[in-house]
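Read the figures in this text as sums done on the coordinates, not as results from a lab. These figures come from a predicted structure and were not determined experimentally. Cβ coordinates were reconstructed from backbone atoms using ideal geometry, including for glycine residues, and neighbour counts include every protein chain displayed.
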Amino acid sequence: MSRGLRIALATAALFAALALPAQAGERLTIAAARDRAENYAETTCKHDSSCAEAGVRNCRRHSARVVLCRIYDHRRTEEQGNFVCTRLVRLSLKPKTGKIPVTGVSDWSC
């Protein structure tokens, strides 16, 4: 292996070693995901006249930057009575902006 190639590989390894700790430290907290999921649930509920209240039942970590939260939608309708629907919401941290968008949702389960 040539000296230039060895230097290039060593430099690339050094940059990779310096970049990994910075990325590994950025983690979506359960509390931040819960707050964002709560906001999503309330916003969803505001658009539905049958929704009595909305909230978050639990959140679990999927990876360092991804948290899955189960939201619920308490429904009260004259035709169907009172019941609760749940939906799984996937939230992920965007490290560059610090924003926590909803990146996926499951179907409602009632």
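Here are a few things to note about the model shown:
- Loop-located trypsin sites (Lys or Arg not before Pro) in the range 49-110 (DSSP state not H, G, I, E or B) with no more than 11 neighbouring Cβ atoms inside 10 Å: LYS96, LYS99.
- Point-to-point label distance, SER63-ASP35, nm (Cα→Cβ direction, 7 Å offset): 2.4
- Rg and Dmax of the range 27-105, based on Cα coordinates, read 13.6, 47 Å.
- Whole-Hz ³J(HN,Hα) from phi, Karplus 6.51 cos²θ - 1.76 cosθ + 1.60, for the range 97-110, glycine and proline x: 9, x, 7, 10, x, 7, 10, x, 9, 8, 5, 6, 10, 10
- Cut-off under 5 Å, modelled amide H: who pairs with HIS62 long-range: VAL67, LEU68
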